[in-house]
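Following: one structure in structure tokens, then a few remarks.
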Amino acid sequence: MPTIPEAITIALQHHQAGRLQEAEAIYRQILEIQPANHVALHHMGLIAHHVGKPQIAVDYMSRAIAIHPDEATCHNNLGEAYRMMGNAEKAAAHFEQATRLKPAYADAFYNLGVLLHEQGKLEEAGAYYHKALSLQPASPWASNNLGNVLKAQGRLEDALSRYRDALASDPGFVEAHNNLGAALQAQGKLDEAVSHYRQALARKPDYAEAYSNLGIILQMLGNLEEAVAHYRQALSLKPDFADGYYNMGSVLQAQGKMEEAADYYRKALTVRPAFPKAARGLGFVLKFQGKPDEAMACYRQCLEVAPSDGLRILLDTAVPVIYQSRDHLLKARRQFQKAVGNLLKQSLSVRDPLVETEPINFFVAYQGLNDRDLQVKFARLSEQACPSLQYTADHCRSSPPRPTGGKIKIGFISMYFWNHTVGQLMRGIMAQLSRQLFSVTALTFPRNPDVTSEFIARHADQTIVLPTSLDAARSRIAEEQFDILFYADIGMDPFTYYLAFSRLAPVQCVTWGHPVTTGIKTMDYFVSSELLEPDNASRHYSERLIRLKQLPAYYYRPAISEPLKSRRELGLSESAHLYLCPQSLFKIHPDFDEMIAGILQSDPQGELILIDGMSKHWNTLLMGRFRETMPHVVDRIRFVPRLNGHDFLGLLSVVDVILDPLHWSGGNTTFEALTFGTPIVTLPSEFMRGRVTYGCYTQMGVLDCVAVTKDKYVKQAVRLGTDPTYREKIKARILAANHVLYENLEVVREYELAFLRMFNETQRT
């Protein structure tokens, strides 16, 4: 047998070559002869660590250190073993001892960074990664992990630099390719991101994370089926991939497959119980389905293992989607008000609201009451919990005079500049604004183009696809130095809601895409219309209310490219009197039930047509309420499937009467229906969101279908439904007058004057 030193040398050669069994056998022989050989003990511990036996590793390395306490490498490796066991305190103690014994020990500083990174202590972790890199500048792992810290802090440009450093040191570093792709993706540089994901997969074809990230980009672009395929590939490669299950849940949710989405979110939480993002996703789906109690149970379960102020906000402020009665609605509202008040008294911390929470006050807007105070308090809660939302662009800190003859630079922003109500309402304004006075930029988000988005891109002076991180989006918008930033909607999606807390232009305004005040201090104006607002409307808004004389949309008359379907083709009765309420089911307020019942009781041949909810559970909840409030006529209420745009226009054209629900009238639907002259019965409410159809009729000068009481609403609807001669008379009046609703340049001129006034006011101040 060789001498002990020779045996150690041979064992180390085997160890370094990955021949662990051969190395272990020699180490054991050495320890039989010299039980206190610290080198053999240390390396036996290393082998145990490599094969996933951290407790055995700790035992061996602890014995080695007891014999040789000044061995820095052993302390570092023992720290790693403790880290793998989840004992952060002992791991840190040994890493720190290693750095004391060897002050230039880059690996130990790196490991301290990893330990603190895992604990969410980003600043401290970053400091240790920096220290490791100062000692070993070419360390790809330290550069990569520092990049991860910087990305988590929202410092995308710095993160990109670190990932590139990692790849400069090791071009085949697949994790760095994947992480660089994710950072580029967050900046909206999707083509570059895809390139790095593909490079990662070329080097590691079984890299589940890269497949999943490619799926995320496909999902962002609207290629949902392709995204599903990539997520399935990721999960087939890594069945315990919590993020993969979460992503699959997200894309299924986007497809409206809520039950399947819930199943995948549950799988994500099974794999990783401490996964607040998955709990948020599952909770959202459950709330969306009208199951707030189940959503809250989900939040509570996750909070037990992963405390999160974001989840706590979601738990305390969940509201139903479909109310069972007015009392049910008022009780939910009181609970919401109380919850927001209580949360404001707490010291909450939300680092990234897009990940940790959502603007969960969306459904509160459908309660038919003045939301100003609630919106202001909720906005204050968001600011208080996440102070980083309050960002101010440099050019907004002062107002330098604009050169004579310069154009006012306006940025129009929405998540919905595609074939969506918001896109339909706003595209004409962007196209028709004077280019002698204004420069128009459309601020959009990654998505496959459609007819509306392509129209906007053609008619804007420039289109900017924004990054999908708040920090990067803020920086990109700030670069443009807009004079006016115009939000087409705030409150329907989390991104623009939270973006709106930043001061990115001297003038910031919002309009009726989501027809409720924002409550956000940085929103200066709300653009509405005299036709939509009652005399006391200013008390409904935290913003300064701008009342145009015209309806605030340049709306293109719907183009009919092919014949519309008949009643029979749509599966509707050809003999019944059809009353259609085409709005989302959560807009059907309990106060509306008595009016529906009155119509169906007065017209035995009448049928109420509703559109399936985005969750079938909505149908169940609403019908449950109808069975209580109108048991004698509920059998004449039927649902039709959700329709594509063309078939929906067909539906609007073949029914006898359209019913505006109480407290929330049609918007885009009203413009579409009046194209065909289909009469819409409406009862204008106190708030703009319940007065859009009324505003259209007022602009047309046709008020026959505008009721002043619930009783007159019922009578007018029944008369239209049962008297075809009268209905045709009203239809003819609508068709003769509806031209004023479409392609109305007067409203464009009003917008121009409003923008000039807004701009000039900032110049004076």
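Here are some notes:
- Enumeration of residues in the stretch 1-36 that are free of Cβ contacts under 8 Å to residues at least 24 places away in the same chain, surrounded by 14 or more Cβ atoms within 10 Å (Cβ to Cβ) and over 60 Å from the mean Cα position of the chain (by Cα): ALA7
- Test result for VAL251, out of contact with any Ser or Thr (no Cβ under 7 Å at 6 or more places or on another chain) and either within 27 Å of PRO449 (Cβ to Cβ) or charged (D, E, K, R) (or both): yes
- Residues (in contact with a strand residue (DSSP E or B) (Cβ under 9 Å, 6 or more places away or on another chain), surrounded by fewer than 18 Cβ atoms within 10 Å (Cβ to Cβ) and over 23 Å from LEU221 (Cα atoms)) located in the stretch 410-450: ALA431, LEU437
- Test: residue in the stretch 701-717 that is out of contact with any helix residue (DSSP H, G or I) (no Cβ under 9 Å at 6 or more places or on another chain), β-branched (Val, Ile, Thr) and modelled with pLDDT of 95 or more: yes
- Of note, ALA732 does not satisfy the criterion of being more than 26 Å from ALA365 (Cα to Cα), free of Cβ contacts under 8 Å to residues at least 12 places away in the same chain and either out of contact with any helix residue (DSSP H, G or I) (no Cβ under 6 Å at 6 or more places or on another chain) or buried (at least 22 other Cβ atoms within 10 Å of the Cβ) (or both).
- Selected residue (only one of ARG757, ARG727 is assigned by TED's automatic domain parsing to the domain that holds THR678 and either in a helix (DSSP H, G or I) or of a type outside the set (A, V, I, L, M) (or both)): ARG727
- Being assigned by TED's automatic domain parsing to the domain that holds ASP656, under 15 Å from ASP656 (Cα atoms), touching a residue at least 24 places away in the same chain (Cβ under 8 Å) and β-branched (Val, Ile, Thr) holds for only one residue in VAL714, VAL706, and it is VAL714.
- Residue selected from the stretch 107-165 under the condition surrounded by fewer than 19 Cβ atoms within 10 Å (Cβ to Cβ) and in contact (Cβ under 8 Å) with a residue 60 or more places away in the chain, by the criterion nearest to the chain's Cα centre (by Cα): GLY154
- Matching option when the condition is at pLDDT 90 or above, touching a helix residue (DSSP H, G or I) at 6+ places or on another chain (Cβ under 9 Å) and closer than 30 Å to TYR105 by Cα, among LEU156, LEU214, LEU160: LEU160
- Boolean, ASN178 is closer than 17 Å to GLY113 by Cα and either at pLDDT 90 or above or touching a Ser or Thr at 6+ places or on another chain (Cβ under 9 Å) (or both): no
- Scanning the stretch 232-274 for residues that are among the aromatic types (Phe, Trp, Tyr) and either in a helix (DSSP H, G or I) or assigned by TED's automatic domain parsing to the domain that holds ALA208 (or both) yields TYR245, TYR246, TYR264, TYR265.
- Qualifying residue in the stretch 26-40 (condition: in contact with a Cys (Cβ under 8 Å, 6 or more places away or on another chain), modelled with pLDDT under 80 and in a helix (DSSP H, G or I)): yes
- Within the stretch 266-282, one or more residues are among the polar types (S, T, N, Q) and under 27 Å from LYS616 (Cβ atoms).
- Residue list for the stretch 570-603, filter: in a loop (DSSP other than H, G, I, E, B) and either of a type outside the set (D, E, K, R) or without any contact (Cβ under 8 Å) to a residue 12 or more places away in the chain (or both): LEU570, GLY571, LEU572, SER573, GLU574, SER575, ALA576, PRO582, GLN583, SER584, ILE588, HIS589
- Scanning the stretch 72-88 for residues that are surrounded by 21 or more Cβ atoms within 10 Å (Cβ to Cβ) and either outside the structural domain of LEU116 (by TED's automatic domain parsing) or within 14 Å of TYR105 (Cβ to Cβ) (or both) yields CYS74, HIS75, ASN76, ASN77, LEU78, GLY79, GLU80.
- Residue count for the stretch 522-552, restricted to those that are out of contact with any Ser or Thr (no Cβ under 8 Å at 6 or more places or on another chain), part of a loop (DSSP other than H, G, I, E, B) and either charged (D, E, K, R) or assigned by TED's automatic domain parsing to the domain that holds ARG689 (or both): 4.
- Pair list, Cβ under 6 Å, 6 or more apart: the stretch 452-480 residue assigned by TED's automatic domain parsing to the domain that holds VAL355 and farther than 13 Å from ILE413 by Cβ, other residue at pLDDT 95 or above and among the β-branched types (Val, Ile, Thr): none
- With respect to the stated conditions, GLY256 is on the phi > 0 side of the Ramachandran plot and either surrounded by 24 or more Cβ atoms within 10 Å (Cβ to Cβ) or not hydroxyl-bearing (Ser, Thr, Tyr) (or both).
- Residues (outside any helix (DSSP H, G or I) and surrounded by fewer than 20 Cβ atoms within 10 Å (Cβ to Cβ)) located in the stretch 451-491: ASP461, GLN462, THR463, ILE464, VAL465, THR468, GLN481
- Selection from the stretch 574-596 of residues that are among the hydroxyl-bearing types (Ser, Thr, Tyr) and closer than 22 Å to ARG642 by Cα: TYR579, SER584
- Options ALA57, ALA64; residue that is of a type in the set (Gly, Ala, Ser), in contact with a Leu (Cβ under 6 Å, 6 or more places away or on another chain), surrounded by 15 or more Cβ atoms within 10 Å (Cβ to Cβ) and under 17 Å from LYS90 (Cβ atoms): ALA64
- Residue count for the stretch 181-198, restricted to those that are more than 22 Å from the chain's Cα centre (by Cα) and either surrounded by 24 or more Cβ atoms within 10 Å (Cβ to Cβ) or in contact (Cβ under 8 Å) with a residue 24 or more places away in the chain (or both): 2.
- Of all residues making up the stretch 270-288, the number that are within 20 Å of the chain's Cα centre (by Cα) and under 22 Å from TYR231 (Cβ atoms): 13
The values are calculated or read from the model by the stated rules, or taken from the named source; none is laboratory data. Every value quoted in this text rests on a predicted model; they were computed, and no experiment measured them. When we count neighbours, we look across all protein chains shown, and the Cβ atoms used for this are built from the backbone with ideal geometry, even at glycine.
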